[in-house]
Amino acid sequence: MAPTARDALAARLRAGGSVFAEDEADLLLAAGDGDAVRLRGLVQRRLAGEPLEYVLGWAAFDGHRVRVTPGVFVPRARTRVVVTEAARRLRRYDRVVDLCCGSGAVAMALLERVGALDLVAADIDPDATEVAAENLGDRGIVVTGDLFAPLPTRFRGVVDVLAVNAPYVPTDAIATMPPEAREHERRVALDGGVDGLDLHRRIAAGAADWVRPGGSVVIEVSGEQAPVSADLFRATGFAVEFAQDDEVDGTCVVATLPA
C-alpha cells in the first residue's frame, strides 16, 4: 500500500526527532488546511526546531486551545495542578490574580472551570500580556509590569486566590532544558535565579499585602524545591500545604493567610 501524505509527513517529522510524529502530522495537516504552500512553510518551521505550539499558533492546556506567539512561554500540562487547587478555593465573582501569566492560560482555565471572576492577569513581558489580552478578551483585565507593581489598588488586601507560575528553573539548569524551550522561549520566562526561587522570595515577601485573610497563594514549583518555597511563605505568616498531580507531574505550594 502506498504511503499517504500523512504517513510521509510523519516519517519526515520522526526523522527530524519528533517523538509524537503522527500526532504532529495530523495537527500540521489541519493547520495547512489544504494549502500546500502554507503546509510546506509550517513543516519547514517545525523541522528547523521551532516549537510546535509556535508553528500552530496555539497550545493545548486544560482541555482548551490557548493562543501563543513566538517567544511567549508555552503553557505546560503540569501547571494544571495550579488550576485545580486554585479552582477548589474559588466561587463565581471572586477576585483572582494570575501572576506571571504568560499567555493567560491559567486565567483562561479558571474562567472555564469556575465561571465569571473578577480577574487580573499580570506579566513583566509586554508580548506575553498582549497575547493574554487576546486570550481573555473582556473576561479579565491584563496589566504589564513587575510582579505586584501593576495590579489595581482595589485588589490590595482582598484577593481570594493568587495563582502563580513564576519562573523557577535555576539559572545553570537552563542549559540542560530541551532546545525548544531554551532556544525559543524568553529567558525572563524561565530563569528563577541561582536556586530557581528568586521570584518565590519576592512573591512570598509581598503576597500578604494583596491576599485577603483566608485567601491563598497557589504557586507552582518543582518537587525538590517545594519545601524551601513553603518555608518562604511560612516565614511571612502563611499556613502552608503541598499539592501534587501525579498524572502531569505537577507540584504546587498552597499558602493560606490565616483569617
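The values are calculated or read from the model by the stated rules, or taken from the named source; none is laboratory data. Just so you know, these numbers come straight off a predicted model, no measurement behind them. Cβ: placed from backbone, ideal geometry, glycine included. Neighbour counts: every protein chain shown. The protein model used for the area step is the full one, side chains on, heavy atoms only, and it has no ligands, DNA or RNA in it. Shrake-Rupley method; radii C 1.70, N 1.55, O 1.52, S 1.80 Å.
Restricted to Cα atoms, the chain shows a radius of gyration and a Dmax of 19.4, 69 angstrom. When ARG67, ARG12 are compared by accessible surface with a 1.4 Å probe, the order from highest to lowest is ARG12, ARG67.
The residue list THR176, VAL19, VAL248 was ranked by how far each Cα lies along the charge dipole of the chain toward its positive end, using unit charges on Cβ atoms, and VAL248 comes out on top. Shape analysis of region 1-45 based on the Cα gyration tensor places the equivalent ellipsoid semi-axes at 16, 13, 9 Å, largest first. If R0 equals 30 Å, the separation of the Cβ atoms of ALA15 and ASP35 corresponds to a calculated FRET efficiency of about 0.80. Take the Cα of THR236, step 7 Å toward its Cβ, do the same at ALA60, and the gap between the two points is 3.6 nm. Among the DSSP helices (H) of the chain, none spans at least 24 angstrom by Cα along its long axis with an average Kyte-Doolittle hydropathy of -0.5 or more; this is a geometric and hydropathy rule only. Computed with every protein chain present, the accessible area of GLU134 is close to 100 Å² [probe 1.4 Å]. Between ARG156 and ALA8, what is the label-to-label distance in nm when each label sits 7 Å out along the Cα-to-Cβ direction? Output for this residue pair reads 6.4 nm.
Average accessible surface for region 22-88: 46 Å² per residue, computed with a 1.4 Å probe over protein heavy atoms with every protein chain in place. If you run the Gaussian network model on the chain, springs between alpha carbon atoms under 10 Å, then out of VAL68, VAL228, VAL37 the most flexible one is VAL37. To the nearest 10, the accessible area of SER222 is 30 Å² with a 1.4 Å probe. Ranked by solvent-accessible area (1.4 Å probe, protein heavy atoms only, all chains present), the residues PHE20, PHE73 order from largest to smallest as PHE20, PHE73. Of all beta bridges that DSSP places with both ends in region 58-214, some 20 percent have antiparallel geometry. Leaving out ligands, DNA and RNA, and with a 1.4 Å probe, what % of the accessible surface on the chain is carbon or sulfur? Answer for the chain is 52 percent, counting heavy atoms of protein chains only. Temperature 4 °C, viscosity 1.567 mPa s: under these conditions the Stokes-Einstein estimate for region 63-115, based on its Kirkwood radius over C-alpha pairs, is 111 µm² per second. Residues of region 106-127 with an amide N closer than 13 Å to a point placed 7 Å from the Cα of THR69 along the Cα-to-Cβ direction: 125-127. Over every Cα atom in region 123-233, the radius of gyration and the widest Cα-Cα span, Dmax, amount to 14.9, 42 Å.
Label point of GLU134 set 7 angstrom out along Cα-Cβ; within region 11-29, amide nitrogens under 20 Å from it belong to 27-29.
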